[in-house]
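The values are calculated or read from the model by the stated rules, or taken from the named source; none is laboratory data. The model shown is predicted, which means the values in this text are computed figures rather than measured ones. Note that each Cβ is placed from the backbone with ideal geometry, even for glycine, and that neighbours are counted across all protein chains shown.
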Amino acid sequence: MLARTNRFKGYGGLRYVYKKGSSARSAHFNVRYVLNQRRDQYRLAVVVSRKVHKSAVKRNRIRRRLYEVFRLLSPKFNGPYDMVCTVYSDQILQLSNDELTEAVAQVLKNANIIDNKTT
């Protein structure tokens, strides 16, 4: 479970990330990010549309899995980033935890959010 301090409150912060943030993409999801020097910790939002899967149960499962992967990788973050992860494919449900963690880590490495030396 993602801590309350690591969640967005309201739409102002999300709008700022969408407007000013950079993007890194994988086959299943996209991460928009911007460095936020005014905060001490990262913030994360995971967006899963009904177009990805009609079932709310499956969309919430995708969201929970991604929150957990980001939480486990958070000690390796280079700074307090604001991130929005937008999911495009329901194939995330078929990925194992190791494959999903590797996919997220690769996107974060490409975005220079975590160092290329770490996994």
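Just a few scattered comments:
- The lone exception for Ser26 - which of (1) farther than 12 Å from Ala111 by Cβ; (2) in contact with a helix residue (DSSP H, G or I) (Cβ under 8 Å, 6 or more places away or on another chain); (3) of a type in the set (S, T, N, Q) it fails: (1)
- Candidates Arg71, Arg50, Arg61: the one that is in contact with a helix residue (DSSP H, G or I) (Cβ under 9 Å, 6 or more places away or on another chain) and without any contact (Cβ under 8 Å) to a residue 24 or more places away in the chain is Arg50.
- Residue that is modelled with the lowest pLDDT [pool: residues in segment 1-43 that are part of a loop (DSSP other than H, G, I, E, B), surrounded by 12 or more Cβ atoms within 10 Å (Cβ to Cβ) and among the hydrophobic types (A, V, I, L, M, F, W, C)]: Leu2
- Each residue in segment 17-48 was checked for being over 26 Å from Gln94 (Cα atoms) and out of contact with any strand residue (DSSP E or B) (no Cβ under 7 Å at 6 or more places or on another chain), and 6 pass.
- Within segment 72-98, being part of a helix (DSSP H, G or I) and over 21 Å from Ala24 (Cα atoms) holds for one residue alone: Gln94.
- Taken as a whole, the structure leaves Ser89 outside the set of residues that are touching a strand residue (DSSP E or B) at 6+ places or on another chain (Cβ under 9 Å) and within 26 Å of Arg38 (Cβ to Cβ).
- Answer from Val52, Val46, Val107, Val69 - the residue that is buried (at least 16 other Cβ atoms within 10 Å of the Cβ) and part of a strand (DSSP E or B): Val46
- Selection within segment 85-108 - under 12 Å from Arg61 (Cβ atoms) and among the acidic types (Asp, Glu): Asp90
- Of residues in segment 74-88 being crowded, with 20+ Cβ neighbours inside 10 Å and touching a residue at least 60 places away in the same chain (Cβ under 8 Å), the one farthest from the chain's Cα centre (by Cα): Asp82
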